[in-house]
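Computed from the coordinates by the stated procedures, all read-outs in this text should not be read as laboratory data. Not measured: the values here are computed from a predicted model. Cβ coordinates were reconstructed from backbone atoms using ideal geometry, including for glycine residues, and neighbour counts include every protein chain displayed.
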């Protein structure tokens, strides 16, 4: 199973790359597959690649669901 995670772009760097924050962990990702990304945009990230831009409200809803799932006990 694959999981793509919504995250906010914190910094653009050279070579179609960006720094994002994944739950407090800053990570470099590739923006090669997505156009017109700016600081503050939300993107879906999978295996170090941004796959698409995401509406901020949709990103917030998805992150809230992940948080809810993470807090569940079996």
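Of note:
- Percentage relative contact order, the chain, counting C-alpha pairs under 8 Å, at least six apart: 27
- Each of 65, 31 was scored by other Cβ atoms within 10 Å of its Cβ. Arranged with the fewest first, they read 65, 31.
- Estimated purely from DSSP H runs of n ≥ 4, each contributing -39500 (n - 2.57), the mean residue ellipticity at 222 nm for the chain is -6500 deg cm²/dmol once divided by its residues.
- The calculated FRET efficiency for residue 51 paired with residue 19, based on their beta-carbon distance and R0 = 22 Å, is about 0.80.
- Radius ratio Rg over Rh of the range 5-70, counting only Cα atoms, Kirkwood formula for Rh: 0.95
- Segment residue 5-residue 69, extension gain: residue separation times 0.36 nm, minus the distance between their alpha carbons: 21.7 nm
- Among 53, 27, the ranking by other beta carbons within 10 Å of each residue's beta carbon, starting with the fewest, stands as 27, 53.
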